[in-house]
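K.L.:
The following block contains the structure, expressed as structure tokens.
Laboratory data are not the source of any read-out in this text; all were calculated from the coordinates shown. Note that this is a predicted model, so its numbers are computed, not measured. Here the Cβ positions follow ideal geometry from the backbone for every residue, glycine too, while neighbour counts run over all protein chains shown.
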Amino acid sequence: MKIIHRHYAFLIVVCFAASTLLGQGNSDNYVVSITKSSLQPLAQVEDGSAEERKELLEEYARKMNPLTPELKISMTLGHYYTGFSTDVLQINAYESIADADQAGVNEEKTRERAWRRDDVREEFFKKFNKYWVRGHTDLELMRVVPGRTKIRKRKPKENTVVTLTRYYLAPISDVDGGSAEERKELLDKYFEEVVMNDDKLLSQIVLSHYWSGELGYGKGWPFVYVREWASFADAEDNESLAKAREEAWPDEEERKAAIKRFVEYWSGGIHEDMG
């Protein structure tokens, strides 16, 4: 899947949810929203600094996320390699759309609980808001695919890199001699014996189309892979992936045939790098 493709990459800026991608093994079919916002260029922020901005982002997540019980997964991703340098993606997961709505309804009350003194709260958001361009773009509303989550074994000391890539699962009728049974067996084996054994891949969640976004147009069923790496070099490194594949299929000819079949089920490897 990641083999030779270039991905959009982001640094994890903040990840302080009550239960996050990197810390919880779950198979819940969570509803996931992906929202894009824009930071003001630092040069345009009066008395602004990268250090203060980082502290404000961390304080917001540290105080707000634990007081938002509806929030199950939260990732705030900042620009790293591609896309606009001011882009910030927010990935939030909830048990239902109703919970997502409730979190929004309760946001003002949650802020009042997080910063109980009015003057302290007003001062914080005066500083916090000056770093942001007003407005946002709702990119997707998706669902977590059960049984495809890889959990980070330990919390890294440094910021990590996240790649987001959309793939398309081909209709079985478009795969020569394909079957639901073969597809499930192959995809299960790939996840269990390749993804889980790829040492460079720290964590992964897979998202499926749910409510918004594009579906159809001859592209197959869309899935978004959210993958975490220690560095961009690790994301581009194929040696760990190749080793995991060799262990899954020791026989070279069998391995080539399996990967070829795997790619066929994924519409020949057609993908979109998200940003």
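K.L.:
Using only the alpha-carbon atoms of the chain, report the extent along each of the three principal axes, biggest first, to the nearest angstrom.
P.N.:
Principal-axis extents of the Cα atoms in the chain, largest first: 68, 37, 32 Å.
K.L.:
Taking the Cα centre of the range 26-168 as origin and charging only Cβ (+1 Lys, Arg; -1 Asp, Glu), how large is the dipole, in debye to the nearest 20? Could you put the intermediate results ahead of the total?
P.N.:
Details: 25 positive and 23 negative charges, 149 e Å.
For this selection, approximately 720 debye.
K.L.:
5 Å is the cut-off here: which amide hydrogens, built 1.01 Å from N in the peptide plane, fall below it relative to Trp132, excluding neighbours closer than 5 in sequence?
P.N.:
Gln40
K.L.:
Among the listed pairs Lys153/Lys189; Lys219/Lys260; Lys150/Lys200; Lys153/Lys256; Lys126/Lys157, give every one whose C-alpha distance is greater than 24 Å.
P.N.:
Details: Lys153/Lys189 21 Å; Lys219/Lys260 19 Å; Lys150/Lys200 12 Å; Lys153/Lys256 30 Å; Lys126/Lys157 30 Å.
Exceeds cut-off: Lys153/Lys256; Lys126/Lys157.
K.L.:
Take the Cβ-Cβ distance between Ser240 and Ser85 as r, set R0 to 22 Å, and report the resulting FRET efficiency rounded to the nearest 0.05. Display every interim value, and only then the final one.
P.N.:
Values: r = 29 Å, r/R0 = 1.32.
Calculated value: 0.15.
K.L.:
Would you work out which of Ala100, Ser203, His271 lies farthest towards the positive end of the dipole of the chain? Charges go on Cβ: Lys and Arg +1, Asp and Glu -1.
P.N.:
Ala100
K.L.:
For the range 158-207, which GluC sites (Glu not before Pro) are in a loop by DSSP, counting at most 10 other Cβ atoms within 10 Å?
P.N.:
Details: sites: Glu158, Glu181, Glu182, Glu185, Glu192, Glu193; in loops: Glu158.
Those that pass, being in a loop and sparsely packed, are Glu158.
K.L.:
Shifting gears a bit: Which FRET efficiency value, to the nearest 0.05, do you get for Glu108 and Ile270 by plugging their Cβ-Cβ distance into 1/(1 + (r/R0)^6) with R0 = 45 Å?
P.N.:
Numbers: r = 43 Å, r/R0 = 0.96.
Once the sixth-power term is evaluated, E becomes 0.55.
K.L.:
Subtracting the Cα-Cα distance from 0.36 nm times the residue separation, let me have the gained length for Ala180 to Trp211 in nm, one decimal.
P.N.:
Values: separation 31, 0.36 × 31 = 11.16 nm, distance 2.41 nm.
Full extension of this stretch gives 8.8 nm more.
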